[in-house]
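Accompanying notes for the structure given below.
The values are calculated or read from the model by the stated rules, or taken from the named source; none is laboratory data. Keep in mind that this is a model prediction, so the values were computed, not measured. Cβ atoms come from the backbone with ideal geometry, glycine included; neighbour counts cover every protein chain shown. Side chains are part of the model used for accessible areas, which takes the heavy atoms of the whole protein and leaves out ligands, DNA and RNA. Shrake-Rupley method; radii C 1.70, N 1.55, O 1.52, S 1.80 Å.
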Amino acid sequence: MRAPNFILIPSLIAGELWRRASRRIRKGPLYRWRYSGAGVDQLTIAPTELRPADITLATQFYMGQFTFANETISTAGEPPFTIPAPSDEWFAELHSFKWLRHLRAANSDLMQAHASALVSDWISQWGSQIESQSWRPDIINGRLISWLTHSPLLINNTSPESYQEFLKSLARQTRYLNHISPSVRDGYPRLHTRIALAFAALCLDGKEKAIKQATHDLNSELNRQILADGGHVSRNPVILVELLADLIPLRQAYQELGHSPSHTLLSAIDRMLAVLRFFQHSNGELAQFNGTGSTPAKMLSTILSFDESKGSPQRSAPQSGYERLAENNTVVLIDTGKALSRGTARRAMAGTLSFELSSGSTRFIANCGVPSSAYKIYAPYARATAAHSTATIGNKSSSRFATDSKFHSLLPSPLIRGPNQISLSRDQTQEYETLTASHDGYLQEFGIIHTRNLHLSNNGEVLNGSDEFTRQPAPQSTLPPSVPIELRFHLPPAISASMLTSGHSILIATQDNDAWTFTCVDGPISLEESIQFSGPDLPRKSQQIVVSINAQTKTEVRWTLERRIKKPAKRPRATSNTPNSTPDLLDGLENNGAT
C-alpha cells in the first residue's frame, strides 16, 4: 500500500540525513588517521580503456583549454585545479580524470609528461583535502579507475619520488573509499564504488585477501542492482553503457591476473549486453527513457562488439518495465514500468506508457531526453509527462516530484510518488503484434485510468494506436467535471512535419524523404513547438504533434502512424533549382493509404 505523503516525505528526509551524517563522521578527524599510511609496492596491471578518445582534445588541454559540460575555461598557464569551476558538472569531470584517455591516445612524450604533471598538481593541491568536493565518492570512483587504467601514461619516465607519491595517493583514496562505501548513495553510485574498489584490489599489489573481499562486495551489489532481464534497478538504459564500459575491462583484469571472474560478474555482463540490444532503435541509438539522452555511439558500438549472442533482441524486459515491438526494420519501444525504489530513481521521469518509434536509419517519434549539461536547470522540464510521447491529463504529470530546490536536496531522489498499478498484456495475430498497458498515475487526482493499445503490423508498415481514459471513483471527494487531455508525439529536430489538406493527417519526413503519416479523426490535431533536451549542446527546438480532447466528452482516441512508400527518383526539373524554393515534403512519396 502506498504510504501517505505526510508520512513518506519525512521518512525519506530522515534516511537521507542519516546517510549524510554517517558520511560526515567518516570524513572527520576521528577516522582520518585510517586513510594515512604507506603506499603500495607496485602496480600489477593496467586495465583496458573502452571509452573513445579524441587527440584534438589532448592538444587543447596542453594549450590550457579545458572543455567539460559544454563550458570552456582557459587556464592561462595555471594548473586547471586552481581555476574556479564554472559549474558542478565541469568540476566533477575535471577531478574525475576520465579525460586522461585523450592524452594517452596522443601517444607522445610531450603528452605523457603533461599528464604526469597534471596528476602531480592534483596530488599536491587536493590530495589531502578529504572534506572537499573532489573527494566525493562518484568523483573518486572515476579518478581511481582512470589513474589505474592509464597508469603507464602516468609513471613511465617519472622520478622514483613521483612514482611513490602516485602510489601513496592511490592507496589513500582506496582506503577512504572503502571506509565510506556503506554510506555511498544507493543505486549506480554505490555499484560504481564497488567496481572501483575491485579495480584497486586487482591493480594495487593484487593481494588475495583484498581481491576476495572486493569481489564479494561487488557480487552483492550486482545481485541487488542488476535485474533478471539485465536492466539496472534505476531503469535508466544509458547506465548500462557506463557500467559495461568498466565491467568488461574488470573481467579482463581478473583473467590477466589468473583469477577466474565470478559467475555473478559474467552473468551480469551477459544479461546487460542482451538488454542493451533490446533498448537499441533501428538506427542503433538508445531509447530516451528515465535519464537517457543522446547515445554515445562509438562507445556503444565498442561495448556491443563484446556481445556474442545471436538472433534478434529480446521482445520484453519485464523486470525493468519495458516492451519492444519490432517488424521489418521498424522498432517501437514502450515504457510500461514504474520506479523500483525511490533511492535508485534519481533520474526517473514521468513517462509511463510513452513510446518511441524508429524506422531504418531514423527515429521518428521520441521522448525529449535529458541534457548532457546544465542538468539541474532543465531536469524539472525534462522529467515532466509533457516531455514524453504519451498522454497528459489536466496539464499534470503522472508522477509527482519535489520541485523546491531546498526540499529536493534533502531527499534521496526527486521522485515522491508515481503510478502504483500497471497492467500489461501482449498478443500476436496473423496481421499484428499487439500490446495493451494501463497505469493509475492519474487516479488519485482525476479518477482516470489511462490505457494504451499499440498494434504493429507484421510488415512493420503500420502502427495503430488507441488511448482510453476510464473514469473510476477517486479517493478525493471532489473532481473537476471537465478535464483536458493531450496526447503528445514528440519529433526529433531532424524531422520535418507538415499538416495535410484533410486536416486529420500530418506528414513527418526526413530530408531524404523517408516518411510516415500520422492520422487521427477522434480529436483535433495540431503541430506545436517542442524541445529536444538531449544532444551534445544545449537543448534544441523541435516539433510535436498534439491531439486535444476533454475527458467529459471523449474517452478514447484512435490514431495511426503509417509508413509512406518512396517513388522512384524523378529527374530534376530546371525550375526546381530556384535558390530559396520551399521543398515539397510529399515529392517522391506515395501515399500508402493514409487519408
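When the solvent-accessible area of the range 496-548 is split by element, carbon and sulfur atoms take up 51 percent of it, the probe being 1.4 Å. The residue among L103, W147, S162 whose Cα reaches farthest toward the positive pole of the charge dipole of the range 60-201, with charges on the beta-carbon of Lys, Arg, Asp and Glu, is W147.
With contacts taken as Cα pairs under 8 Å and at least 6 residues apart, the range 167-296 reaches a relative contact order of 24 percent. Here's the list of aspartates and glutamates a cross-link from K554 could span, going by alpha-carbon distance under 18 Å and ignoring same-chain residues fewer than 8 apart: D467, E468, E486, D522. Here the peptides 249-255, 208-214, 121-127, 235-241 are ranked by packing, the mean other Cβ count within 10 Å, and the order with the highest first is 235-241, 249-255, 121-127, 208-214. Protein heavy-atom accessible surface, 1.4 Å probe, per residue over the chain: 44 Å².
Our summary gives the range 162-217 a relative contact order of 28 percent, counting only alpha carbon pairs under 8 angstrom and 6 or more residues apart.
Counted as membrane-span-like here are DSSP H helices of the chain whose alpha-carbon atoms extend 15 Å or more along the helix's own axis and whose Kyte-Doolittle mean is -0.5 or above; these are 5-27, 109-126, 137-149, 188-203, 237-256, 263-278. Simple rule: put +1 on each Lys or Arg Cβ and -1 on each Asp or Glu Cβ in the chain, find the dipole, and look at S548, N219, P79; the Cα lying farthest toward the positive end is N219. The alpha carbons of the range 184-338 stretch over 52, 30, 25 Å along the principal axes, in descending order.
Could you put K310, K98 in order of accessible surface area, largest first, with the 1.4 Å probe and the full protein assembly present?
Correct descending sequence by accessible area is K310, K98.
Taking the protein heavy atoms of the range 259-357 in the context of the full set of protein chains, the accessible area attributed to carbon and sulfur is 45 percent at 1.4 Å.
Only Lys, Arg, Asp and Glu count, each charged at its Cβ (+1, +1, -1, -1), so figure out the dipole size of the chain about its Cα centre, rounded to 20 debye.
1400
Pairs to check: K396/K541; K212/K338; K310/K338; K207/K298; K338/K376; K168/K212. Give those whose C-alpha atoms are more than 26 Å from each other in this structure. In this structure, K212/K338; K310/K338; K207/K298 exceed 26 Å between Cα atoms. For the pair A374 and N329, what calculated FRET efficiency results from E = 1/(1 + (r/R0)^6), where r is the Cβ-Cβ distance and R0 = 30 Å, to the nearest 0.05? Efficiency at R0 = 30 Å is approximately 0.30. In the range 29-152, carbon and sulfur make up what percent of the accessible area (probe 1.4 Å)? The value for the range 29-152 is 52 percent carbon and sulfur by accessible area.
The tail of the calculated P(r) for the chain, taken as Cα-Cα distances beyond 33 Å, holds 49 percent of the pairs.
The residue list S413, I393, Q319 was ranked by how far each Cα lies along the charge dipole of the chain toward its positive end, using unit charges on Cβ atoms, and S413 comes out on top. The share of C-alpha pairs in the range 118-204 whose separation exceeds 23 Å stands at 19 percent. In whole angstrom, how far apart do the alpha carbon centroids of the range 44-58 and the range 184-254 sit? Result: 19 Å between the Cα centres. Based on C-alpha pairs under 8 angstrom that are at least 6 apart in sequence, the chain has a relative contact order of 10 percent.
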